[in-house]
1. Per Stokes-Einstein, at 37 °C and 0.692 mPa s, what whole-number D in µm² s⁻¹ belongs to the chain, with the Kirkwood radius over Cα pairs as the hydrodynamic radius?
2. In which sequence would 50, 190, 1 go, from the one with the fewest C-beta neighbours within 10 Å to the one with the most?
3. Please tell me the relative contact order of the chain in percent, rounded to the nearest whole number, where contacts are Cα pairs under 8 Å and at least six residues apart.
4. Mind giving me the FRET efficiency for residue 228 and residue 135? R0 is 30 Å, r the Cβ-Cβ distance, nearest 0.05 is fine.
5. Normalised radius of gyration for segment 11-136, please: alpha carbon Rg relative to 2.2 N^0.38 Å, two decimal places.
6. Multiply the residue separation of residue 291 and residue 35 by 0.36 nm, subtract the distance between their alpha-carbon atoms, and state the gained length in nm to one decimal.
7. Using the number of other C-beta atoms within 10 angstrom as an exposure proxy, rank 228, 189, 263 with the fewest first.
8. For segment 107-158, what mean projected area does the convex hull of the alpha carbons give, in nm²?
């Protein structure tokens, strides 16, 4: 299968594992490979299987809708799309909200950029350093992570702002209040060097591909005060942080709640539970600013809308946000304990491979370094990734500075306490494997 894949698909299409994995089916928080081996899924198809694999409520909704009509396009009225838009508009917190559906997070962010630049009549965009917003030409142009930015060409003039990474960079030594003030000062200084007609700031409340990093709570509220002085819009990229995954909040922007809701938010991934659903929520005056005809052939299709409606209903009825907070807190605690380096031969302490365990809810990052240094270690991340697979757990990787030195852990939001404990035990063993390999020894 790997040889056939490489023969017909691009070389740059990333595959995990030395021996790539084919997933054939899933149920709950587990998936099976082509050899019949079962794994705990702690990555959910990149945070996309939000509730559970083969969730009966979703598969039933898909089957029933598919039996009626698969596709119509936005040229016709579509009851499942209207129903989902009503729910999302109400949940968004954005007043007088309008919703436009797409097929992915990339396309959602692309649409938000179109709206912002049209509304503000400017192609200047503020983006966060270490950010990722998609793989289209426009979203690559605002991505602040060079590992995922294959070209310097862009339709935008992009200005990158400090703040998305709390524990690295020139302000890392400051306390939270000083850090926020320094980032606001950087933003003001940058705006003082522009024409002043910047269209928007786009920001992930928790940076996904960047390694699940986040600023102190309230940073974007402080940014919002500056943006409002200039009429600049705020786009919250909730593709990975939405729908209660962070536990404490339904949307990531709510950690910066003093600012009120953003002007726009984008979403995708988890809402479809594997179906291709994305979208933009914006105030009516922004959403309606386009003065040309438009439509979406596949955005808002009846089948994907039926799936998303059923998935969202399940999430709300079972309060999966609370489960993400409770079980995620337990998993975070277990991983922090597992990250502590152990004694080497003779009981002497040895340098550890874990720099930081961070996260919110079921969105956890484990940053790995070359033992005894502060240098990110893609090698350590790959070792842990492989060892975790051998132990029966699938996780992801990410990170900034052109490295993939962060483990990304984001199970479905129905994760149980027993599954969290089992997964944490496997990950602890995988960390020890990497630690032994990189320090050239074994624990005492």
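1. Numbers: Rh = 22.5 Å.
Here the translational diffusion coefficient equals 146 µm²/s.
2. Values: 50 31, 190 16, 1 9.
Fewest-to-most Cβ neighbours within 10 Å comes out as 1, 190, 50.
3. Worked out over the chain, it gives 21 percent.
4. Numbers: r = 31 Å, r/R0 = 1.05.
With a Förster radius of 30 Å, E is 0.45.
5. Working: Rg = 19.1 Å, N = 126, 2.2 N^0.38 = 13.8 Å.
That ratio works out to 1.38.
6. Numbers: separation 256, 0.36 × 256 = 92.16 nm, distance 5.39 nm.
Taking residue 291 through residue 35 to full extension adds about 86.8 nm, to one decimal.
7. Working: 228 12, 189 9, 263 24.
Ordered by Cβ neighbours within 10 Å, fewest first: 189, 228, 263.
8. Numbers: hull surface 12.5 nm².
One quarter of the hull surface, i.e. the mean projection, equals 3.1 nm².
Read-outs throughout are calculated quantities, based only on the coordinates presented, and are distinct from any laboratory measurement. Nothing here was measured: the structure is a model prediction, and the numbers come from that model. Because the Cβ atoms are built from the backbone with ideal geometry, glycine has one as well, and the counts that use them run over all protein chains shown.
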